[in-house]
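Chemist: Pasting a structure here, questions to come.
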Amino acid sequence: MKRILLFLIGLGLFVSSCSILEPNTEGVIKGNGLVTLKFVQVNDVYEIAPLNGGEYGGMARVAHIRDSIKKQFPNTYLFMAGDFLNPSLLGTLKVDGERLNGKQMVDVMNAMDFDLVTFGNHELDLSEEDLQKRLDESTFKWTSANVRHVTEEGIEPFSTKLEFTKVPISDFATFKAVDPNGNEMKFGVVSVTLPSNPKEYVYYGDIYKEAFRAYKLASEKTDLVFGLTHVSIEEDRELARLMQSIPLIMGGHEHNAMLVNVGKTTIAKADANAKSVYVHTILFNPKTKYYNLHSQLVFVDEKTPSNAKVERIVSKWNDMLDEKLKEVVDNPNEVIYNPAIPLDGTDSASRSIQTNLGEIITKSMAFSYQNKVDAAIVNGGSIRVDDMLSGPITPKDVFRVLPFGGSVLKVDLKGNLLKEILDYGQEKKGTGAYLQRDNVSEAANGDWLIQGKPISEKKTYTIAISDFLLKGLDIPFLTPENKDIVKIYTPKETETAADIRKAIIFYLNSLKK
């Protein structure tokens, strides 16, 4: 608590050390009539509870930080820059026969009184029906200038449904702030999302065109306009060059904290899963229209207190998760592995390069058959954690990585089909069909090698394959009906290979012996 209070005092007295983004503002800062805004920014938060045994993160802690600041500065706002409904282990649980799909996150965020959110690409992982349910459950505002709903009537804004009507999600949001002396100002927030997740029910407008359109409209109605985006840092840079007078873009999508200046614009992104939050302080003079911006990264760790109300809601969902996990493993929170370096489970890596996490998963698949297979493969899209795993690894972490589970099949197939599978996975680099592999490598001339030897097209190989891959969804020709599949072994429920997650836990535990 003492650290939080000292931090708040420091924010209140930051003027001497902050950078001034408008000319000749020193006199304004020392004068009266300044309206103080505080923005608490999070982005890419998939887990409601602290991670790594409570080491970092936790939405109840974020709520405490915001509440502590708001006690001193009433014009304090909590923003989410996309990616929060999916993916998560909790989201895969079924309650009353229906997967949660982010219901737990909306429940927590409602209790936290979020002021505004925008779509991340992972919000659009959900089905049209499930996304609409989450929108309708939200008591906080949504905004987007470029994400639209494709309906039978045409392309229109997404909406939230009330009892007798529906409210369209606006292109931009506006807020009014008043200081203790009655000075007031209005500010706007514009949002766009990168079109990386195509869905039939979603239309993406051009991020630059739509952001600038919303920015111009918001500028006509407010004193200042800020950004709340879920795009790449390169796209944020371009948005800053396009909207040269925007003081701040609160961004998401990248998972590591960064503070980038482009002209007069600051681009800020916090660490994923609330390892940190950005606190932005804006001093604004309504008469001169001069402003001053200061941004500070605040780490969220075990020393950060929790909001009791939010913690109770988080505990409710977490208890439900632990009960479900105990149906599969005895102790979901037992430490089973300590990686020397963080395990890369991010989407971008899992779908484009061989990762250390992908290596562990595929080695576990082979190990589940006592390594009596020639190789193992799994589609990168099965890895759903979209995060770096550092510190002690528990079974719960393994379930976070592969929340949908599935079995490990032992498949005998011809070498020509194996080459075709590997070629297809390589061609689909950047998508979920990219393959994480064990005992498979690529020669300098592009030939595929199994245990260091070129694949013979006529030879039959035994490969450990995730059951999802054999459904033909990521690799269309990889189905049980393929004539070059010789034999398929499906493990019994009592075998380790019956659940890929149990196979990983079994393998990691074996490394301790």
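Chemist: Suppose we filter segment 102-152 for residues that are over 22 Å from D67 (Cβ atoms), open to solvent by less than 10 Å² (accessible area, probe 1.4 Å), in contact with a Phe, Trp or Tyr (Cβ under 9 Å, 6 or more places away or on another chain) and not in a helix (DSSP H, G or I); how many remain?
Modeler: Matching residues across segment 102-152 total 9.
Chemist: Just to verify a result, which residue in segment 270-299, among those that are in contact with a Gly (Cβ under 8 Å, 6 or more places away or on another chain) and over 21 Å from V62 (Cβ atoms), is surrounded by the most Cβ atoms within 10 Å (Cβ to Cβ)?
Modeler: Out of the qualifying residues, it is N285.
Chemist: Next up: Please go through segment 448-457 and give me each residue that is surrounded by 13 or more Cβ atoms within 10 Å (Cβ to Cβ) and of a type in the set (G, A, S), ordered by number.
Modeler: S456
Chemist: When the residues of segment 485-513 are filtered to those that are open to solvent by 30 Å² or more (accessible area, probe 1.4 Å) and in a loop (DSSP other than H, G, I, E, B), which remaining residue is modelled with the lowest pLDDT?
Modeler: Among those that are open to solvent by 30 Å² or more (accessible area, probe 1.4 Å) and in a loop (DSSP other than H, G, I, E, B), it is K513.
Chemist: Restrict the check to segment 477-484 and report whether at least one residue is closer than 23 Å to S364 by Cβ and open to solvent by 50 Å² or more (accessible area, probe 1.4 Å).
Modeler: No, there is no match, as no residue in segment 477-484 is closer than 23 Å to S364 by Cβ and open to solvent by 50 Å² or more (accessible area, probe 1.4 Å).
Chemist: Would you point out the residue of segment 458-473, among those that are assigned to a loop (DSSP other than H, G, I, E, B) and open to solvent by less than 100 Å² (accessible area, probe 1.4 Å), that is farthest from V486 (Cα to Cα)?
Modeler: Here the answer is F468.
Chemist: Something else: Going by the conditions given, is K419 modelled with pLDDT of 95 or more, farther than 30 Å from V328 by Cα and in contact with an Asp or Glu (Cβ under 9 Å, 6 or more places away or on another chain)?
Modeler: yes
Chemist: Could I ask something else about it? What number goes with the only condition from (1) under 16 Å from the mean Cα position of the chain (by Cα); (2) without any contact (Cβ under 8 Å) to a residue 60 or more places away in the chain that L124 does not pass?
Modeler: Against the list (1) under 16 Å from the mean Cα position of the chain (by Cα); (2) without any contact (Cβ under 8 Å) to a residue 60 or more places away in the chain, L124 comes up short only on (2).
Chemist: Sort through E55, E26, E22 and tell me the only one that's within 19 Å of Y278 (Cα to Cα) and modelled with pLDDT under 95.
Modeler: Result of the check over E55, E26, E22: E55.
This table checks each residue for (1) among the basic types (K, R); (2) touching a residue at least 60 places away in the same chain (Cβ under 8 Å); (3) surrounded by 24 or more Cβ atoms within 10 Å (Cβ to Cβ).
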residue	(1), (2), (3)
D44	no, yes, yes
G57	no, yes, yes
D67	no, yes, no
N75	no, yes, no
E98	no, no, no
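Chemist: Out of segment 168-181, which residues are at pLDDT below 95 and farther than 30 Å from Y290 by Cβ?
Modeler: Result: no residue meets the conditions.
Chemist: Another question about this same structure. If N445 meets every condition in (1) open to solvent by 80 Å² or more (accessible area, probe 1.4 Å); (2) closer than 19 Å to V373 by Cα apart from one, which number is that one?
Modeler: Just one mismatch for N445, condition (2).
Chemist: Next question, about the same structure. Using the structure shown, decide if K316 is open to solvent by 30 Å² or more (accessible area, probe 1.4 Å) and in a helix (DSSP H, G or I).
Modeler: Yes.
Chemist: Would you say T229 is among the polar types (S, T, N, Q) and in contact with a Phe, Trp or Tyr (Cβ under 7 Å, 6 or more places away or on another chain)?
Modeler: Taking the combined requirement at face value, the residue does not satisfy it.
Chemist: Moving on to the next point. Over 19 Å from S196 (Cα atoms), in contact with a Ser or Thr (Cβ under 6 Å, 6 or more places away or on another chain) and not hydrophobic (A, V, I, L, M, F, W, C): is that true of R61 in this structure?
Modeler: Against the criterion (over 19 Å from S196 (Cα atoms), in contact with a Ser or Thr (Cβ under 6 Å, 6 or more places away or on another chain) and not hydrophobic (A, V, I, L, M, F, W, C)), R61 qualifies.
Chemist: Another question, if that's okay. Kindly indicate whether V147 is under 30 Å from P87 (Cβ atoms) and hydrophobic (A, V, I, L, M, F, W, C).
Modeler: So V147 fits the description; yes.
Chemist: Considering every residue within segment 252-269, establish whether at least one is among the aliphatic types (A, V, I, L, M), open to solvent by less than 10 Å² (accessible area, probe 1.4 Å) and part of a loop (DSSP other than H, G, I, E, B).
Modeler: Taking every residue of segment 252-269 in turn, none turns out to be among the aliphatic types (A, V, I, L, M), open to solvent by less than 10 Å² (accessible area, probe 1.4 Å) and part of a loop (DSSP other than H, G, I, E, B).
The values are calculated or read from the model by the stated rules, or taken from the named source; none is laboratory data. Predicted model, so just to flag it, every value in this text is computed and none were measured. Note that we place each Cβ from the backbone using ideal geometry, even for glycine, and neighbour counts take in every protein chain shown. Each accessible area value is taken on the protein alone, full model and side chains, heavy atoms only, with ligands, DNA and RNA left out. Shrake-Rupley method; radii C 1.70, N 1.55, O 1.52, S 1.80 Å.
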